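Structure first, commentary second.
The values are calculated or read from the model by the stated rules, or taken from the named source; none is laboratory data. Everything numeric in this text was worked out from a predicted model, so none of it was measured. Note that we place each Cβ from the backbone using ideal geometry, even for glycine, and neighbour counts take in every protein chain shown. For accessibility, only protein heavy atoms count, side chains too; no ligands or nucleic acids. Shrake-Rupley method; radii C 1.70, N 1.55, O 1.52, S 1.80 Å.
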Amino acid sequence: MNTLDFSPLFRSTIGFDRLMQLAESATRVDAAYPPYNIELTGENAYRLTMAVAGFDKGELDITVKENTLEISGQSKTEPEPQRTLYRGIARRAFDRRFQLADHIKVAGATLENGILSVDLVREVPEALKPRKVEIDAVSTPKPIEQKAA
């Protein structure tokens, strides 16, 4: 398998660290466990749905730090030993990381029937939203004041 080496770009750029880390992490092959969906639920709303069969809410951890959403699961109780002929429900530990765009906030999370749903919303501050500038009908040019030397 071919891998890309971004180290030359790190040496020749300043301030693009996060972009390079995103590109580097995008080239890594993630394990397929646990499976998940990302849905657009509104104009500025998203839902991350993850299949976490066999996990209790006390065994799951959701953390947001610096535009990174991390969801991890660690089985705290071992199932009672029994004569299992086939084990298709994996309860192995996992750690999934998702890079969040600017102004994406976690609105809440629910666990129902082995499905973890994490709701996310984009909350753009008023100062960054586009605003309409009114045009006056008649404008009188104001003289430019010059500073005395």
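At-a-glance table
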{"item": "Some residue of the range 40-57 being of a type in the set (A, V, I, L, M, F, W, C), open to solvent by 90 Å² or more (accessible area, probe 1.4 Å), touching a strand residue (DSSP E or B) at 6+ places or on another chain (Cβ under 7 Å) and closer than 30 Å to LYS129 by Cα", "result": "yes"}
{"item": "Elements of type strands (runs of 3 or more DSSP E) contained in the range 60-149, each with 3 or more residues being open to solvent by less than 50 Å² (accessible area, probe 1.4 Å)", "result": "68-73, 94-99, 115-122"}
{"item": "Test: residue in the range 121-144 that is under 17 Å from VAL52 (Cβ atoms) and either among the hydroxyl-bearing types (Ser, Thr, Tyr) or touching a Phe, Trp or Tyr at 6+ places or on another chain (Cβ under 7 Å) (or both)", "result": "no"}
